[in-house]
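In what follows, a single structure is set out as structure tokens and then discussed.
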Amino acid sequence: MTQLPDLTPDCDNCAALCCIALAFDKGDDFAIDKPAGLPCPHLARHDCTIYDDLTDRGFPGCAAYDCQGAGQRALALHDGISWQDDLERLAPMQETFRHLHRLHRLIGLMETARALPLDAAEEDRWDDLMETLCPDTLTPDGAAALATGPVPGQVHAFLRALAHHI
């Protein structure tokens, strides 16, 4: 049976990767523009300095953001050593975070699709795709290969093929 990764975000066991890896566009959800790859000006060494007041300070997008567990999993795949303790890890950890976030979103979509009344062939395809998305062991390179290879397209094609259930 396929072991699913934990898709629950755990900011206390993360490395604030979302505060660096993601871009913000100034508007209703973010009070500032911030390009991807640069730290948010509200990020202290390990924590957001306005975390308890995100919405009031103009960052409801941050308050609502859900990395689906990609942050803490990226840290784990990099031996639990944060870029905050070894700056050379920043670029590789950001890449791993982006890849894991994509994979975790796909896993979440597949889990939602599993609630549909799948026929036997659809169940077999679901099992095959989930086994591919959730290998027993995963490395940063393995996450990159999965996220940038044919699997995301295969998952989306499978999900589109389920439209007749809706």
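A few notes on this one:
- Mean projected area in nm² (Cα convex hull; one quarter of hull surface) for the chain: 10.8
- Fraction of accessible area attributable to carbon and sulfur, the chain (%, probe 1.4 Å): 52
- Neighbour net charge for Ile20 - beta-carbon separation under 14 angstrom, K R +1, D E -1: +2
- Charging the Cβ of each Asp and Glu at -1 and of each Lys and Arg at +1, and nothing else, the dipole of the chain about its Cα centre rounds to 440 debye.
- For the stretch 9-83, the list of trypsin sites (Lys or Arg not before Pro) that fall in a loop by DSSP and count at most 13 other C-beta atoms within 10 angstrom reads Lys26, Arg45.
- Solvent-accessible surface (1.4 angstrom probe) belonging to Tyr51, in square angstrom, nearest 10: 130
- Solvent exposure of the chain, expressed per residue, is 57 Å² of accessible area, with all protein chains present and a 1.4 angstrom probe.
- Virtual spin-label span in nm between Asp28 and Thr112, 7 Å along Cα→Cβ: 2.0
- Solvent accessible area, Å² - Thr55, 1.4 Å probe, full protein context: 80
- Per residue of the chain, the DSSP helices (runs of n ≥ 4 H) give a summed -39500 (n - 2.57) that works out to -13500 deg cm²/dmol at 222 nm.
- Exposure of Cys48 as accessible area (Å², to 10), given a probe of 1.4 Å and all protein chains: 40
- Within-15-Å neighbourhood charge of Ala121 [Cβ basis; K, R +1; D, E -1]: -4
- Counted charge near Phe30, where neighbours are those whose Cβ lies closer than 15 Å (Asp, Glu -1; Lys, Arg +1): -3
- Length released on extending from Ala91 to Thr148, taking residue separation times 0.36 nm less the Cα-Cα span: 18.8 nm
- Dipole magnitude for the stretch 14-66: computed about the Cα centre from +1 point charges on Lys and Arg Cβ and -1 point charges on Asp and Glu Cβ, it is near 260 debye.
The values are calculated or read from the model by the stated rules, or taken from the named source; none is laboratory data. Remember, it's a predicted structure, so these values are computed and weren't measured experimentally. Virtual Cβ from ideal backbone geometry, glycine too; neighbours counted across all protein chains shown. The protein model used for the area step is the full one, side chains on, heavy atoms only, and it has no ligands, DNA or RNA in it. Shrake-Rupley method; radii C 1.70, N 1.55, O 1.52, S 1.80 Å.
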